[in-house]
1. How do the pairs read when you match residues in the stretch 189-216 that are assigned to a loop (DSSP other than H, G, I, E, B) with residues anywhere that are among the small types (Gly, Ala, Ser) and surrounded by fewer than 24 Cβ atoms within 10 Å (Cβ to Cβ), using Cβ under 7 Å and keeping only pairs 6 or more apart or on different chains?
2. Which one of these does Phe430 not meet: (1) over 25 Å from Leu58 (Cα atoms); (2) open to solvent by less than 10 Å² (accessible area, probe 1.4 Å); (3) not β-branched (Val, Ile, Thr)?
3. Regarding the stretch 160-171, can at least one residue be identified that is open to solvent by 10 Å² or more (accessible area, probe 1.4 Å) and among the small types (Gly, Ala, Ser)?
4. Check Arg149, Arg120 and return the single one that is under 23 Å from Pro30 (Cβ atoms) and either at pLDDT below 95 or touching a Ser or Thr at 6+ places or on another chain (Cβ under 9 Å) (or both).
5. Would you mind finding the one in Gly444, Gly418 that is in contact (Cβ under 8 Å) with a residue 12 or more places away in the chain and either assigned to a strand (DSSP E or B) or of a type in the set (S, T, N, Q) (or both)?
6. Pick from the stretch 1-43 the residues that are under 17 Å from the mean Cα position of the chain (by Cα) and among the polar types (S, T, N, Q): which of them is surrounded by the fewest Cβ atoms within 10 Å (Cβ to Cβ)?
7. Are any residues in the stretch 348-378 under 14 Å from Cys450 (Cβ atoms) and surrounded by fewer than 19 Cβ atoms within 10 Å (Cβ to Cβ), and if so, which ones?
8. Of (1) within 21 Å of the chain's Cα centre (by Cα); (2) open to solvent by 50 Å² or more (accessible area, probe 1.4 Å), Lys75 satisfies all except one. Which?
Amino acid sequence: MIRALQEYALGERFGQIRSVSVALGRGDEPGVLFIHSTTENLDPWTEMMAFPTDTLKLSLFTESGRHLWTRDLGKGVIPGIWFAPVISFDLDGDGVDEIWHVGNDYPNLPFTVEHRHLERIDPRTNEVTGKWPWPINRVSYENMSYSYRLTLACGYAKGEPVLITAQGTYTDMYLQGYSRDMSQRWSVFVPKDAAGARASHVFPVLDFNNDGIDELFWGERVLSVHDGRELFCCDRDNFRGHSDIIIPFVDPQTGKKYIYTCREDGEGPGIKRVVTFDERGDPVWGQVDAGHIHGGWIANIGPNRRRIAMARSLALNAKGYDQHRQPTIDYFFDAVTGEPTTPKFPQPGGRARPIDVDGDGYHEFLTGMEETKVVDRHGKELANLGNGRTVRTGKILELPAHQVMLSYDDQGIVRIWGDDAAVDGPTDQFAHYHRFMQHMMGSGYNHFGCVQSCGM
């Protein structure tokens with residue numbers, strides 16, 4: 001039975017909310033951090049930017065629901081995903097996940113470049129335990145949409161933790177890796193005119209080639225967490241655009257690995273908007289010749305858990321913010337072969353978010369607008385979760401299968417839902433990946449559309 005497993009009362013309505021898991025020490029109850037504001041998410045794109053009416057806060061709870069502390073980041077931190085990334089990561093190896101975010105030493109200058117810093121917080125005490133200047137580079141002085149695309153990530157290289165900071169998405173891109181003592185171990189610069197793709201809005205981190213070193217999927221460019229070296233770049237010589245979605249996945253029938261991408265743009269002969277690559281980055285299939293492919297997922301809904309890929313295109317002729325308000329176009333393909341398919345869904349694919357809630361290896365879906373419902377792949381309703389907004393999905397709790405965290409914005413309440421009869425099924429071999437990505441759900445769009453809980 002799908003039921004509410006945990007509840008958190010934050011005491012204010014939500015215009016925006018993100019969340020990450022936080023380890024509070026070996027043997028101690030885990031924590032849950034919320035990043036929230038009554039202001040809706042502010043995007044650096046001028047067509048979606050507005051003046052904030054509230055500040056961004058960090059609120060830490062124990063997993064069982066006890067409030068530990070709340071920190072107001074002040075008016076110098078613009079309440080938006082790209083202005084203010086947040087992750088949790090145990091860089092020093094003491095068993096406690098430090099909280100890392102981008103702060104500002106000059107609260108009256110919210111757009112400052114010179115005075116931004118990387119800040120570290122001890123979750124047990126709510127004390128700031130370190131500050132480092134945020135890297136300044138050429139992209140820092142470009143137009144607003146480029147300047148304030150800030151990212152935090154993390155991974156492991158042969159067991160050694162590595163913290164990653166990054167700036168830029170669409171043009172110049174800069175990335176830096178740091179060791180336990182915060183010494184810089186590598187730096188990467190990808191010029192805007194360099195061959196290969198730009199970054200994506202999501203960035204899976206996992207050991208894709210099983211060499212003991214995590215890879216960062218920086219769009220279609222795959223980088224080693226160990227030294228920042230590029231292992232390969234999908235379609236390097238042909239595509240220099242931006243992919244909104246990147247999802248590494250495995251074919252359950254053959255065990256082969258693939259990389260699925262949905263592209264926002266792309267010019268040139270033969271360039272497709274929806275593409276799947278093999279584990280070396282070579283194209284396997286491509287579909288769709290035009291459109292801004294803004295979202296997508298991979299779901300096990302075919303016979304014998306066959307994987308189906310969904311791609312969602314924004315309205316073809318709309319401009320600016322209107323792109324996000326007009327009806328979308330949904331495409332469905334066999335994820336391995338690229339053959340178009342027409343699965344039956346209770347709602348458009350862009351409104352269906354895949355999650356394996358019972359652990360049987362087939363995906364269920366979160367659907368609905370006014371109410372969030374869980375339906376199986378045939379459209380049968382399994383649960384009505386009320387008027388909730390998805391905060392994150394995947395291995396949220398140390399329980400079988402996946403769970404979903406929803407915010408009930410007007411009530412100021414967050415609930416974690418799961419199936420109390422769930423089992424560890426065929427997809428549990430990737431439990432480490434799904435659990436690790438919970439620490440990066442407060443940076444980029446990793447928490448949107450259940451992307452990180454449907455990959456692998």
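1. As it stands, the answer is Ala197/Gly241; Arg198/Gly241; Asp214/Ala157, since those pairs meet every condition given.
2. The failed condition is (2).
3. Looking through the stretch 160-171, none of the residues is open to solvent by 10 Å² or more (accessible area, probe 1.4 Å) and among the small types (Gly, Ala, Ser).
4. Arg120
5. So the residue among Gly444, Gly418 that is in contact (Cβ under 8 Å) with a residue 12 or more places away in the chain and either assigned to a strand (DSSP E or B) or of a type in the set (S, T, N, Q) (or both) is Gly418.
6. Filtering first and then ranking leaves Asn41.
7. Listed by number, the list holds a single entry, Arg351.
8. Among (1) within 21 Å of the chain's Cα centre (by Cα); (2) open to solvent by 50 Å² or more (accessible area, probe 1.4 Å), the lone unmet condition for Lys75 is (1).
The values are calculated or read from the model by the stated rules, or taken from the named source; none is laboratory data. Bear in mind the structure is a predicted one, so any value in this text is a computation, not a measurement. Every residue, glycine among them, receives a Cβ derived from its backbone with ideal geometry; neighbour counts consider all protein chains shown. Accessible surface is based on the protein model in full, side chains and every heavy atom, while ligands, DNA and RNA are left aside. Shrake-Rupley method; radii C 1.70, N 1.55, O 1.52, S 1.80 Å.
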